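A short reminder: the numbers here are calculations on the coordinates, not readings from a lab. What you see is a predicted model, and the numbers here were worked out from it, not measured in a lab. Counting neighbours? That spans all protein chains shown, and the Cβs are built from the backbone with ideal geometry, glycine included.
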2 protein chains.
Amino acid sequence: MKYSEMNKEQLLNELKKERERYNYYQSKRFSYDMTRGKPAPEQLELSNEMCDIKYLGDFKAENGFDCRNYGILDGLPEVKKLMGDIMGVDASKVIVCGNSSLNIMHNILTKFMLSGVGGGCTPWSKLEKVKFICPVPGYDRHFTICENLGIDMIPVELKEDGPDMDLIEKLVREDESIKGMWAMPRYSNPDGCTYSDETIRRIANMECKAEDFRVFFDDAYAVHFLDNGPEKILNIVDECQKSGNENRAFVFCSTSKITFAGGGISAVASSKANIEWYNKYLFIQTIGFDKLNQLRHVKFLKDYEGIIEHMKKHARLLKPKFDIVLNSLEKELEGLDILEWSKPKGGYFISINTIDGLADKVVSLAKDCGVLLTPAGSTFPYKKDPRNRNIRIAPSFPSVSDLAEAVRVLCVCVKICSIEYYYDKL
Amino acid sequence: MKYSEMNKEQLLNELKKERERYNYYQSKRFSYDMTRGKPAPEQLELSNEMCDIKYLGDFKAENGFDCRNYGILDGLPEVKKLMGDIMGVDASKVIVCGNSSLNIMHNILTKFMLSGVGGGCTPWSKLEKVKFICPVPGYDRHFTICENLGIDMIPVELKEDGPDMDLIEKLVREDESIKGMWAMPRYSNPDGCTYSDETIRRIANMECKAEDFRVFFDDAYAVHFLDNGPEKILNIVDECQKSGNENRAFVFCSTSKITFAGGGISAVASSKANIEWYNKYLFIQTIGFDKLNQLRHVKFLKDYEGIIEHMKKHARLLKPKFDIVLNSLEKELEGLDILEWSKPKGGYFISINTIDGLADKVVSLAKDCGVLLTPAGSTFPYKKDPRNRNIRIAPSFPSVSDLAEAVRVLCVCVKICSIEYYYDKL
């Protein structure tokens, strides 16, 4: 029987039962952290061998370049190919950078603010208003960059095959101050959503009032599947070229969740003109990136097939963790109509929606029982979820047995908050 | 006999002699590159061992942190100490970053432009004019950053113990639009000058009309001595604190010319308030820097004494190269009054001054004889040396025997240009 169909007495009975469970869990003094999408130690061990000096050989790239010395701003040719393959973009349209793709995004946006997108367009900082479309729920660090740069964020709902394109098309056609949008096309954070071909085509083709409209395509989970292989998506750079909006999209990826988190390499792909523009800007700010780490990566991972094989090992470690969470949710909550949850085929997160208005209460109740969840609201611009319902669960770091206990706590918290909600309504 | 004392016939005789030498060298089809301060392969080999996996141990920092995972934005504690020791600043005032100190300088300046220095000061991009003091000759990449950001550069002559402080004090006292200055306090690029205690004290104490005046102290060659050990300089961060201008100075260093060029780690030091400010800004733009490379560095170099021992090995390789250049110049040109040259005790360059107006001709003549020198003017803002006399020689990369030949070519070129200069005056 659903809580929504119970009378006060029935609800009080349920509440008593769940409170007893909660008290029992609390007495066990758990300490579980499901806040961040961090790889577990077993996953990191998959790449330990990459640190063997043998992968550096004579320290030379395929073109004979000594990776221990200055030179080559845009990345070793073989690494441009490798990173291009992850994003599905030709190596000629790729620049390999340092250890952080977030840093590339920030760097490009900062340059847009200070100097504009190039081609004589006005620097965004000189405009009265700059706005960005933000599919929600989304990645908090994208939103933090916008907030820090004073870019207004317009949340747009993310559906099963990408954001609400009807709404986005209408917004960008009418408002010149909308200068760009965020997008996580594969296994998005936190929903695990993958954009359909139609969504990507519509993003590439849509008519924008701002001629300097730019899409930041963060393909952070490009090869981070949980089953047999990554979902294929349309190449946004090609689609933009076909549509005549050739400079619209920048694509980003990194190996942070392929090899080492924060010890990997990152890359950006875009049109030829954008890549030339970014190369010129990079020349101003650095002599070059760490080519030894680039060499290490390409020798260890070899090629795209090598990456897929490597990611299968990650998947074997991650899948049981996702399964335990999903199975527990299903077992405890299926049919109760008090929680929705995503069933991701990849990425690092499970996204749950409580009854409207309960997310912060659930997070707080779980915290008091030793289970740390990402703060409610984090997946929305300005940390404000207007429906106060979305919570991001990061199951990668804890062990399977810890996860089992943590999700039990979560379920009890969801139940308690939901019972109280229905009780108050009566 | 000096060329300046010769008559036309004598000069023509000299010219004929030097032209014959030049033609002879030209026939040998040399190809020598003395343009960039790149370590030689033998120097890079000194650090090969650092790439051994043994230095990573269990991948843990001293505090137990797993360097393969996300976390620790400001650097491993033991690496903050190491980099702080290089700059002579306490670890609590240090942030360890990625592979490029130039990138930190650019990043901070860009933030000043967009948001100001903090504390409610106006963003520099909102001001009509922003100017920087640039000691000359100096490092071209500092000047390129300013030029790219639209910061006007005011060249100030570099003397033996630092820049002309009388002039700088006068300028900054009177002009509010002067927002900062560049400084390379040790073995400066290209002069090899080290700032005296008095110079550093005056920089820390001088009265600036702009309350948001900032000094960029690029200590790139902090431990890059050619003889027995690095010259000691006053700690600018402490001096600024003593003088009540506590947030005035940022200090930068990297291991690019200690371990691997572009494969090292970098750091910034400043006041407590500035470091907190920069940490907050870094949080917006990255999850963290490559801690595995930080760990590798500290395990390999150990401590400050370890760095000094390591730098002695570099010095043993570099000293003969500087000596061959300096000895050749002395042998061929001493007493002729046609060339001045620096006698650096460290750093990567020898700076030469031709007779006014001849630098570009010398560089061009040498190029036609297969000897590549940094383009004349490169050591000045906007690549304009008003006296057209300064040339930067980078002796680190070529072998000693190549250098011997290259400097012979250089001397002939200086002679030819100087003879023609005096001939034309008669």
Problem - Rounded tilt (10° steps) of A:101-115 against the dominant C-alpha axis of chain A - result: 70
Handout entry: Given A:93/B:126; A:17/A:331; B:257/B:313; A:232/A:291; A:299/B:54, the pairs whose alpha carbons are separated by over 23 Å
Key = A:93/B:126; A:232/A:291
Fill in the blank from the handout: For residue A:136, other-chain or 5+-apart residues with amide H closer than 5 Å (H placed, Pro excluded) are A:156, A:157, A:158
Exercise for the section: For each of A:157, B:147, A:18, count neighbouring Cβ atoms within 10 Å of the residue's Cβ, then give the residues from fewest to most. Expected result: A:157, B:147, A:18
Problem - Choice from A:398, A:135, A:123 with maximal GNM fluctuation in chain A (Cα, 10 Å cutoff) - result: A:123
Practice task
Taking H placed 1.01 Å from N in the peptide plane, check which residues at least 5 places from residue A:175 or on another chain put their amide H under 5 Å from its amide H.
Solution key: A:209
Exercise for the section: Report, in whole Å, the centroid distance computed from the Cα atoms of the range B:1-77 and the range B:382-426. Expected result: 18
Handout entry: Helix-only CD estimate at 222 nm, as mean residue ellipticity for the protein assembly as shown, using -39500 (n - 2.57) per DSSP H run (n ≥ 4)
Key = -13500 deg cm²/dmol
Fill in the blank from the handout: Counted neighbours (other Cβ, 10 Å), sorted fewest up, put B:277, B:182 in the order B:277, B:182
Handout entry: Relative contact order (%) - the range B:52-302, alpha-carbon pairs under 8 angstrom, separation at least six
Key = 27
Practice task
Mind giving me the FRET efficiency for residue A:334 and residue B:279? R0 is 45 Å, r the Cβ-Cβ distance, nearest 0.05 is fine.
Solution key: 0.50
Practice task
Could you work out the Rg to Rh ratio of chain A, with Rh taken as the Kirkwood radius (inverse of the mean 1/r over all Cα pairs)?
Solution key: 1.01
Practice task
Per residue of the range A:367-376, in order, report the coupling 6.51 cos²θ - 1.76 cosθ + 1.60 (Karplus, θ = phi - 60°) as ³J(HN,Hα) in whole Hz, putting x for Gly and Pro.
Solution key: 4, 5, 10, x, 10, 8, 10, 4, x, 4
Exercise for the section: Can you check how the C-alpha radius of gyration of the range B:52-302 compares to 2.2 N^0.38 Å, as a plain ratio? Expected result: 0.99
Fill in the blank from the handout: Expected sort for A:400, A:409, B:89 with the fewest Cβ neighbours (10 Å cutoff) up front is A:400, A:409, B:89
Handout entry: Using θ = phi - 60° and Karplus 6.51 cos²θ - 1.76 cosθ + 1.60, couplings along the range B:243-260 (whole Hz; Gly, Pro as x)
Key = 7, x, 9, 4, 9, 6, 10, 10, 10, 10, 7, 8, 9, 4, 10, 10, 10, 10
Completion exercise
Residues whose modelled amide H sits under 5 Å from the amide H of residue B:214, counting only those 5 or more places away in sequence or on another chain, are B:180, B:181
Exercise for the section: Using only Cα atoms, find the angle between the long axis of helix A:272-285 and the longest principal axis of chain A, and express it within 0 to 90 degrees, rounded to the nearest 10. Expected result: 90
Practice task
Just grab the label-to-label distance for residue B:12 and residue B:343, each label 7 Å out from Cα along the Cβ direction, in nm (one decimal).
Solution key: 3.9
Practice task
Compute the acute angle (0 to 90°) between the alpha-carbon long axis of helix A:140-149 and the principal axis of greatest extent of the alpha-carbon atoms of chain A; round to the nearest 10°.
Solution key: 60
Practice task
State, to one decimal in nm, how far the label point of residue A:167 lies from the label point of residue A:24, with both points 7 Å from Cα in the Cβ direction.
Solution key: 4.2
Completion exercise
In nm, the gap between the two label points placed 7 Å beyond Cα toward Cβ at residue A:174 and residue A:49 is 5.8
Fill in the blank from the handout: Sequence order, the range B:116-121: Karplus ³J(HN,Hα) from phi using 6.51 cos²θ - 1.76 cosθ + 1.60, θ = phi - 60°, Hz rounded, Gly and Pro as x, gives x, 7, x, x, x, 5
Exercise for the section: Report the far tail of the P(r) of the protein assembly as shown, meaning the percent of Cα-Cα pairs longer than 47 Å. Expected result: 30
Problem - Pairwise FRET efficiency - residue B:207 versus residue B:404, Cβ, R0 = 45 Å, nearest 0.05 - result: 0.35
